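To keep things clear, I will list the structure first and then write my remarks on it.
The values are calculated or read from the model by the stated rules, or taken from the named source; none is laboratory data. All of these numbers come straight from a predicted model, not from anything done at the bench. Every residue, glycine among them, receives a Cβ derived from its backbone with ideal geometry; neighbour counts consider all protein chains shown. Ligands, DNA and RNA are stripped out before the accessible areas are found, and what is left, the full protein with its side chains, is counted by its heavy atoms. Shrake-Rupley method; radii C 1.70, N 1.55, O 1.52, S 1.80 Å.
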Amino acid sequence: MERDGDRTQEQLASHNHPTVLTLAIDAGGTYIKGCLLENGVLLPDMSMQTPSQSDAEAGVIISGFADVCQLLMEHYMKLRYSSSMQLEIRIGIAFPGPFDYEAGICQIQGLGKYERLYGLNIRTLLKQEFLKRATASQEPMWLSRLTQALILFDNDATLFALGVSRHYPTSRMLCLTLGTGLGSAFIKNRRMIQGKDGVPASGMLYAEWFEDRQVDDQFGRRGILRLADQLHARSGHEDVHDLALSASEGDALTLRMWQIYGERLGRMLKPYVSTFKPDRLILGGQISKSLVLFEASLTEALRPEHVILQVEDQVLQHVFYGIDQLFNEERAY
């Protein structure tokens, strides 16, 4: 029989559980976007966006990341924190590649963004910036907690997939983000899969080769514009949005271009779908909004494999949830 004293102790222990606060940062080339998750729940009123200054000196960029973290914390401490709360703070950053995500070292060159962080350990620099601020006489006492926070990094496409997986916890999923290039992740039971079941060792498709080019160069914006030019389907100033609009209005050349795009995407994906056998093929990013134009040819190219095909619109929200999930990954340290 349970004694009253035992129940009281259990209730007290539950009451004393810390509040887990995840500072989720998306480091885009144009904007840094940040949000807070409290015990795994996104707080929509705790979000912000600021220019990333991704072409600036390293110190300016790191200071910008620290500013976002500090402003999010200030907002939280003002509106939600109480003195009875125990806070466990952690920081997750979605960072574009190439990047050594485990070590926290930027490897970007020649992309026009974050190039002055090349070879630098972002985790170390960010902690140093927090420490410098925490020791300043005018700074709030809580700022020192950021110096002790666990900081993890990953690719935005991977984090998008992890975020989506919360809706399908037992599914096998192949997730793609179609934007400037092609981001991808293979997910099983809310875990990233790498190097087995036909999945590349990196767990990503962008660097794989399909026919004569790398995947990343063929199925994002660059690849679509190149295909349109080969088919003489666009004028010099038209972009992907214009090509989608033309096709939706019945233009034969752009309709054909989207059909070819879907057929080639399906042929590229088919070996991975055949071996990994995902239940769902989930698309995100701006190009995915034009799925109606290439869905039929994509589905046909995947035959006889059958997979549920769907589009997820709330990419950034999924990324933020994926950042929170990142701390539950087996490779988190």
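Considering only protein heavy atoms and a probe of 1.4 Å, how much of the accessible area of region 87-171 is carbon and sulfur, as a whole percent?
Percent of accessible area from carbon and sulfur atoms in region 87-171: 49.
Find, among the trypsin sites (Lys or Arg not before Pro) in region 261-333, those assigned to loop by DSSP (not H, G, I, E, B) with at most 12 other beta-carbon atoms within 10 angstrom.
Qualifying residues, ordered by number: ARG331.
Taking region 124-198, which chymotrypsin sites (Phe, Trp or Tyr not before Pro) meet the DSSP loop condition and have no more than 15 other C-beta atoms within 10 Å?
Sites meeting the loop and neighbour criteria: none at all.
Keeping all protein chains in position, work out how much accessible area SER246 exposes to a 1.4 Å probe, and write it in Å² to the nearest 10.
30
Express the accessible area of region 98-218 per residue in Å², computed with a 1.4 Å probe while the remaining protein chains stay in the model.
Per residue, region 98-218 has an accessible area of 47 Å².
Within the chain, what's the longest stretch lacking GluC sites (Glu not before Pro) that sit in DSSP loops with no more than 13 other Cβ atoms inside 10 Å?
103-210
Set the Förster distance to 35 Å, then compute FRET efficiency between GLU295 and TYR118 from the Cβ-Cβ distance, nearest 0.05.
0.35
Out of residues 5 or more away from LEU87 or on other chains, whose amide H comes under 5 Å of its own, with H placed 1.01 Å from N in the peptide plane?
Those qualifying (amide H under 5 Å, at least 5 residues apart or on another chain) are THR19.
Enter the angle in degrees (range 0 to 90, nearest 10) between the Cα long axis of helix 4-15 and the first principal axis of the Cα atoms of the chain, meaning the one along which they spread out most.
Helix 4-15 sits roughly 60 degrees off the main axis of the chain.
Leaving out ligands, DNA and RNA but keeping every protein chain, what accessible area does HIS75 have, in Å² rounded to the nearest 10, with a 1.4 Å probe?
Solvent-accessible area, nearest 10 Å²: 70 Å².
For the chain, treating each Cα as an identical point scatterer without solvent, what Debye log10 I(q)/I(0) comes out at q = 0.08, 0.10 1/Å?
Computed log10 I(q)/I(0) values: -0.44, -0.66.
At 222 nm, what value in deg cm²/dmol follows for the chain if DSSP H runs of at least 4 each add -39500 (n - 2.57) and the sum is divided by all its residues, to the nearest 500?
Estimated from H runs of four or more residues: -12000 deg cm²/dmol.
Return the whole-Å distance between the Cα centroid of region 104-177 and the Cα centroid of region 255-299.
About 30 Å separates the Cα centre of region 104-177 from the one of region 255-299.
If I model a spin label at GLN310 and LEU150 as a point 7 Å from the Cα along the Cα→Cβ vector, what separation in nanometres do I get?
Reported label-point gap for GLN310 and LEU150 is 2.9 nm.
How tilted is helix 315-326 with respect to the longest principal axis of the chain? Cα atoms for both, answer in degrees (0 to 90, nearest 10).
50
Set the Förster distance to 51 Å, then compute FRET efficiency between TRP142 and ARG226 from the Cβ-Cβ distance, nearest 0.05.
Computed FRET efficiency for TRP142 and ARG226: 0.50.
Listed here are the pairs LYS188/LYS277; LYS196/LYS270; LYS113/LYS289; which of them are more than 18 Å apart at the Cα?
Beyond 18 Å between Cα atoms: LYS113/LYS289.
Hey, any idea what the orientation-averaged projected area of the convex hull of region 37-127's Cα atoms comes to, in nm²?
Hull-based average projected area comes out at 6.7 nm².
For region 150-195, rounded, prolate or oblate, judged on the Cα gyration tensor with a ≥ b ≥ c (square roots of eigenvalues), a/c < 1.5 rounded, else prolate if a/b > b/c?
oblate
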